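The values are calculated or read from the model by the stated rules, or taken from the named source; none is laboratory data. For clarity, every value in this text was computed on a predicted model and none was experimentally measured. Here the Cβ is made from the backbone with ideal geometry for all residues, glycine too, and neighbour counts use every protein chain on show. Surface accessibility is based on the protein's heavy atoms, side chains included, excluding ligands, DNA and RNA. Shrake-Rupley method; radii C 1.70, N 1.55, O 1.52, S 1.80 Å.
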Amino acid sequence: MPSSSGSSRRSRRRRSKNANKGGWFGKIVKWLAFTGVLVGLLVAIGVGYLYYTISPTLPDVQQLREVQLQMPLRIFTADGDLIAEYGEKRREPVMISEVPDSLKNSIIAAEDQHFYSHPGVAWQGLVRAAIFLVKTGRKGPGGSTITMQVARNFFLTNERTYDRKIREIFLSFKIENELEKDEILELYINKIYLGNRSYGFAAASKVYYGKKISELELVESAMLAGLPKAPSRYNPIVNPERALLRRDYVLGRLLDLDMITQSDYDLAKAQPVTAKPHYATPEAEAHYVGEMARSRVQQLFGQNWANAGYNVYTTIRSDDQKAANAALRDALYDYERRHGYTGPIDTLDAETLADIEARNERLKALGDPGDIQPAAVIAVDASSATVVTEENSEYVIPFEDVEWARERLNIDKRGDEIESVDQVLAVGDVIALQIKEDGTVRFVQEPGVEGAFIAIEPTSGKITALVGGYDYYRSKFNRVTQARRQPGSTFKPFIYSAALSAGDTAATIYNDAPVVFHDDALEGEWRPSNYSGRFFGPTRLREALVKSRNLVSVRVLREIGIPYTVEYSQRFGFKAENLPPDLSLSLGSAAVSPLEMSSAFSIFANGGYRVPAHFIDRVQDPRGNVLYVAPKVVFCDGCDPAVGNPLDAEMGSETGEATTGAATADDASLAVLRNEDATATESAAASIELKKVLLDAVDAPRVIDERNAFIMTSIMKEVVQRGTARRAGEALQRQDLAGKTGTTNNQLDAWFVGYNPKVVASAWIGSDGLDPLGRGEAGGVAALPMWTSFIQRTVVGSPQIEAPVPEGIKIVRIDRKSGEPAAGENTIMEMFMEDNMPDEEEIERLEEAEIKAQQGEAVVVTKTRKEKAKEVESLF
């Protein structure tokens with residue numbers, strides 16, 4: 001039996017052993033605690049050192065408030081309709097208040113569920129990234145909050161280095177300290193790349209769904225919120241299956257976070273992928289104007305034009321532009337119809353015709369220039385043909401719409417009359433259909449000739465409509481501003497205006513008779529003739545212009561002198577180098593553009609002032625700040641016409657002339673604007689307000705006498721009412737329209753330029769290759785219908801405008817044939833300037849005789865001093 005003392009010793013040893021164990025454990029705990037504190041202290045010191053080392057090098061977060069995001073250049077009409085968008089990045093910055101809750105919640109659920117509670121860095125994510133690093137030895141995903149993504153996207157690069165990550169963390173703390181949470185989320189929503197060249201969720205909502213961001217539904221918000229992780233992999237257009245999985249993941253996260261209900265989740269998850277491309281579609285077809293504006297903005301603001309987010313508002317009116325497009329194309333189609341059918345665009349065999357997919361592919365490959373669509377004939381008989389387009393829309397073409405399609409043998413000769421539709425069309429033929437606004441169609445053919453149209457407001461110079469050709473994508477050559485063609489008889493008004501200024505009157509007589517000129521400048525003998533080939537003898541100046549008598553124009557130019565006329569014509573804006581100094585100028589051998597013709601006729605329309613044409617109203621930055629605004633045009637009677645006008649620079653950029661603008665950026669600002677905005681620092685710098693030369697007003701100098709302009713307008717009104725443009729007068733039934741037709745030799749060009757006090761419009765048709773338009777294609781046939789159609793849609797229905805008779809004009813009754821003051825039958829009223837009146841004594845005698853005759857008194861005819869002098873002279 002063991003002794004009690006031994007038992008006690010063993011107990012003491014156990015207690016001693018346990019005590020030793022407890023001591024060591026305590027020591028270990030104390031050591032670990034000390035080490036933890038030491039490590040924590042060292043970590044804190046290290047972090048503090050890093051912060052104070054890195055902090056001074058971190059960018060200024062306040063720059064985010066002024067950040068200039070890369071945005072495309074957008075061109076608009078005066079009504080705010082989109083004309084064009086230029087630039088590599090689609091972006092539409094929005095305010096956080098415009099973002100629906102469904103999208104904000106989806107972004108937070110997918111990217112950063114603790115966004116509203118963390119200080120910029122989520123430790124949970126960093127721990128996951130650290131564990132991944134320990135396990136694999138590689139840098140892994142995780143750890144990036146929305147704030148950190150903002151820091152990276154605006155200030156840093158995407159390189160995966162520890163240095164960049166540390167800077168990103170510290171910068172995130174700084175951002176959180178200086179910006180509100182919603183400000184940070186707004187930056188993220190506007191900056192992040194979401195595929196298909198869309199940057200920011202507002203742009204993505206337009207690209208994928210064709211909606212404003214405020215219109216997004218839950219299922220669409222979830223789809224977009226899933227894109228930042230991998231925009232290409234989860235692109236719903238390219239990879240709908242993967243995108244669907246990602247969308248459903250986001251919906252699941254929303255449900256887990258109690259941001260949506262179970263029923264919301266079930267309903268959204270059952271929805272298919274509905275995303276499809278919705279690119280910015282122009283609301284106004286004005287491609288030539290879009291390119292003009294792009295070129296001018298680049299000239300004004302430098303190489304950063306494509307991504308600085310400028311919004312350019314032009315002077316183009318949407319309705320006027322639509323009317324101009326339709327007028328030009330209808331005129332070209334009608335021209336083609338007058339000259340016969342050149343045959344089908346293509347022919348489809350029976351196998352292709354029966355295979356709908358193959359048929360549509362062939363039709364799509366043919367393109368759709370202008371407003372036409374290719375259509376295949378699928379059935380035909382004597383009275384009609386049935387055709388189908390690539391959209392599988394079927395139309396019936398009746399005989400009346402095919403009757404024009406006689407075979408074109410040459411430009412002046414067509415084949416036999418058409419008696420049945422199947423004489424022209426066969427099953428498998430592909431023809432061109434013009435799709436009209438009302439849904440009706442017309443059988444046409446793509447025109448081989450070209451056209452141009454421009455409308456200007458004569459008192460302001462604003463271009464309200466401009467079409468540089470049949471189809472911009474067929475030919476980008478702008479015939480309104482860049483083509484120089486002979487104007488033919490449309491130039492005659494400037495010759496006649498010069499004659500009035502030189503002392504002639506509208507009643508001055510010139511002989512319309514054959515004449516032969518020997519002129520070395522005209523390569524020897526020249527025998528001008530009238531368009532009709534007939535001669536009409538002594539003709540008053542007014543009547544000569546109304547009827548467009550060529551021989552009178554030649555005699556007028558010879559009478560007043562070529563040098564004087566060339567100098568006088570420059571008052572209308574024509575360049576001397578484009579005005580041949582010979583008698584052919586009387587018949588329109590100058591080289592002019594439709595733009596120049598409209599600007600020149602504006603002088604008649606506004607009473608004698610040269611107003612610079614322009615097409616840009618204002619330029620704004622993305623925040624709505626106005627960087628440039630077109631100055632107001634002010635009529636000036638005492639200004640020197642020779643002084644250059646700053647607004648001329650706008651059209652000078654189109655015509656290739658080296659000119660300065662009404663707004664020019666200083667060199668320092670241009671240098672800044674040429675920088676990309678890869679970082680917020682550069683972006684903020686790019687938004688510095690430019691120093692500009694902005695003019696409140698520019699002068700429009702008087703270049704011709706107001707009375708001269710009034711008399712010329714009165715003559716050209718008669719051109720519309722009873723002259724070469726009478727078809728327009730008959731169609732429009734207005735008394736305030738004036739204008740002049742023009743045709744060049746061999747029908748190379750057909751013109752009409754017409755106006756009233758509110759609008760001046762030029763219409764031109766011709767061939768780029770200088771091929772004849774064909775017999776009978778005069779200005780009144782080819783170009784006039786284009787102008788008439790435009791006026792019908794834009795002017796008819798508005799009140800007629802009659803300009804008041806200027807002071808210094810007298811109206812006198814004259815003889816129709818002699819142009820001399822007369823009374824009684826065969827007389828008309830004519831306008832004269834007070835300082836260029838007929839024999840006043842004769843006028844008084846005739847007026848007195850007319851009054852007495854009206855009162856029934858006997859009229860005693862006495863001779864005037866002029867008549868007595870002639871009688872005395874005859875005696876000797």
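In the range 774-829, how does Rg compare with the Kirkwood Rh, expressed as the Rg/Rh ratio over alpha carbon atoms? Write down the numbers at each step before the final one.
Numbers: Rg = 18.7 Å, Rh = 15.5 Å.
Taking Rh as the inverse mean 1/r over Cα pairs, Rg/Rh reads 1.20.
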Separation between the Glu802 and Asp182 pseudo-spin-labels, each 7 Å from Cα along Cα→Cβ, expressed in nm? 6.2
In Hz, Karplus ³J(HN,Hα) per residue of the range 205-214 (6.51, -1.76, 1.60; θ = phi - 60°; x = Gly, Pro): 5, 6, 5, 8, 10, x, 10, 6, 4, 6
When the Karplus curve 6.51 cos²θ - 1.76 cosθ + 1.60 is applied with θ = phi - 60°, which whole-Hz ³J(HN,Hα) does each residue of the range 145-154 get, with x for Gly and Pro? 7, 4, 5, 5, 5, 4, 4, 5, 5, 8
For Ala700, which sequence-distant residues (separation of 5 or more, or a different chain) have an amide H within less than 5 Å of its own amide H, given hydrogens modelled in the peptide plane? Val634, Phe635, Cys636
Tell me, how many Å apart are the Cα centres for the range 699-737 and for the range 238-260? 69
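Using 0.36 nm times the number of residues separating Gln735 and Gln303, minus their current alpha carbon distance, what extension gain do you get?
Numbers: separation 432, 0.36 × 432 = 155.52 nm, distance 4.98 nm.
Additional length available on full extension: 150.5 nm.
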With Cβ to Cβ distances under 11 Å as the rule, what net charge do the other residues near Arg610 carry (K, R +1; D, E -1)? 0
What are the extents of the Cα atoms of the range 166-285 along their three principal axes, listed from largest to smallest and rounded to whole Å? 46, 41, 25
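Rank Leu409, Leu784 by accessible area, highest first, at a 1.4 Å probe radius?
Values: Leu409 90, Leu784 5 Å².
Listed by decreasing accessible area, they come as Leu409, Leu784.
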Asp429 long-range amide H proximity, modeled H, under 5 Å: Leu348, Val377
Hey, got a sec? Which GluC sites (Glu not before Pro) in the range 514-574 land in a DSSP loop and have at most 14 other Cβ atoms within 10 Å? Glu523
So, taking all protein chains as they sit and a 1.4 Å probe, how much accessible area belongs to Thr261, in Å² rounded to tens? 70
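How many percent of the accessible area of the range 434-505 is carbon or sulfur, using a 1.4 Å probe?
Details: 940 of 2020 Å².
Reported share for carbon and sulfur atoms: 47 percent.
Keeping all protein chains in place and using 1.4 angstrom, which order do Ser553, Ser384 fall into by accessible surface area, from largest down?
Ser384, Ser553
Net charge within 12 Å of Leu255 by Cβ-Cβ distance, Lys/Arg positive one each and Asp/Glu negative one each, not counting Leu255 itself? It would help to have the intermediate numbers written out before the result.
Working: positive: Arg253, Lys269; negative: Asp248, Asp256, Asp258, Asp264, Asp266.
After counting each charged neighbour, the total is -3.
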